[in-house]
Every structure is written in structure tokens, then in C-alpha cells.
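Student: Encoded as C-alpha cells, here's the structure I'll be asking about.
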Amino acid sequence: MKSGSIHEIRKELAELQPSQLIELCLLLARYKKDNKEFLDYLLFQAHDKNGFATAVRNEIDELYRAIDHGNNLYYIKKSLRKILRFVNKYCKYVNNKALEAELHIYFTKQLKDSGIKFYNSRVLLNLYEGEIKKIEVLVKSLHEDLQIDYDEDLNYLKVYTWIS
């Protein structure tokens, strides 16, 4: 079964009554958790991007606190990937490059400052370096004034100050 294009869907939605649109939105929200979360973001949080970013940062902090530093690096990696999936999901929701860069910088700073010895694991080091590359790409796509603001954070993340 082939789905219609966005243009076709938009045209069909324009012909529906408001009550039918509400029903379709509720059906979408019922069948997939991501759709429900995205709809929640659009309805209740999209108007306050700074408040949303603060809430995401608080959630990142909670997830970092839940990591057991004495655990095997394998379990730490799984926890970090979970946090990164969380960050990526909410970055898709906001659709704002500056806020996206800010959230990725925050995730990476938390990783660097967490005390996790990620430099002892090639996989975790690759994750860290991949985040730095992603941040560089995001920062380059921003306005020059914002680039200067984020370059300081990026330079902090690039400096390897850990001791084995």
C-alpha cells in the first residue's frame, strides 16, 4: 500500500470539517506514542521554546543522575545512547537549529563534566566526537553572531582535559 504525498494529504485535509480533523488527530495520537508526544508539544509547549528547552535540560540532568558510574562501560553506553535518543527526538520537535545546537552542547557538556571515563571506551569516545561534529555542523548553519556565541562552548568541548 502506497501512501499519498504531503501535497495530496494537505489537499484532502483542507476539505475536512474541523470535527473530522480533531478525530484524525486523536486517532494519530492514540496509535503511536511519538505522535502523542509531538501533538502535546505542538499544543502546549511550542509557544514557549525557552521553557521547553529548560524542561529538556532538566530531564537530561535526571537521566545523567540515573547513570551508575560504577557500572560496566557497556551499560553506561546504553544509558548515554538513551539520553541521546531523547535529545534527538526533542530536537526534531523544535525544528530550530539554534535550540538544537544548544541541546546537543548541553548533552555533550554534561557527558564531559559527568565524571564518566568515556575516553577509556572507543565506542563512547566516538559518540562524544560524533556529537562534536554534529554541533559544528549545526553551528555553521547559524547566523554569524550566534556562531560566535556557540564557538566558546564548542572550544570547551574540544579541549581534552581528562587524565587516564
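What follows is calculated from the coordinates using simple rules that are stated; it is not laboratory data. This is a predicted model, so every value here is computed, not measured. Neighbour counts are summed over all protein chains in view; Cβ atoms, including those assigned to glycine, are modelled from backbone coordinates with ideal geometry.
Student: Mind checking which residues of region 72-101 are crowded, with 19+ Cβ neighbours inside 10 Å and either acidic (Asp, Glu) or free of Cβ contacts under 8 Å to residues at least 12 places away in the same chain (or both)?
Tutor: Across region 72-101, the qualifying residue is only Glu100.
Student: Here's another thing I want to ask about it. Answer yes or no: is there a residue in region 20-30 that is among the basic types (Lys, Arg), without any contact (Cβ under 8 Å) to a residue 12 or more places away in the chain, loosely packed, with under 12 Cβ neighbours inside 10 Å and in a helix (DSSP H, G or I).
Tutor: Yes, region 20-30 has at least one match.
Student: Sticking with this structure for a sec: What number of residues within region 86-128 satisfy the criterion of being of a type in the set (Lys, Arg), out of contact with any Asp or Glu (no Cβ under 9 Å at 6 or more places or on another chain) and part of a helix (DSSP H, G or I)?
Tutor: 3
Student: Please tell me if Ser79 is under 24 Å from Lys33 (Cα atoms) and of a type in the set (Gly, Ala, Ser).
Tutor: So Ser79 passes the test.
Student: Scan region 135-147 for residues that are part of a helix (DSSP H, G or I) and either without any contact (Cβ under 8 Å) to a residue 24 or more places away in the chain or crowded, with 17+ Cβ neighbours inside 10 Å (or both) and jot them down.
Tutor: Those that are part of a helix (DSSP H, G or I) and either without any contact (Cβ under 8 Å) to a residue 24 or more places away in the chain or crowded, with 17+ Cβ neighbours inside 10 Å (or both): Ile135, Glu136, Val137, Leu138, Val139, Lys140, Glu144, Asp145, Gln147.
Student: Just give me the residues in region 148-164 being assigned to a helix (DSSP H, G or I), surrounded by fewer than 15 Cβ atoms within 10 Å (Cβ to Cβ) and touching a helix residue (DSSP H, G or I) at 6+ places or on another chain (Cβ under 6 Å), in sequence order.
Tutor: Passing the criteria: none in range.
Student: Do you know which residues across region 56-84 are part of a helix (DSSP H, G or I) and among the polar types (S, T, N, Q)?
Tutor: The answer is Asn58, Ser79.
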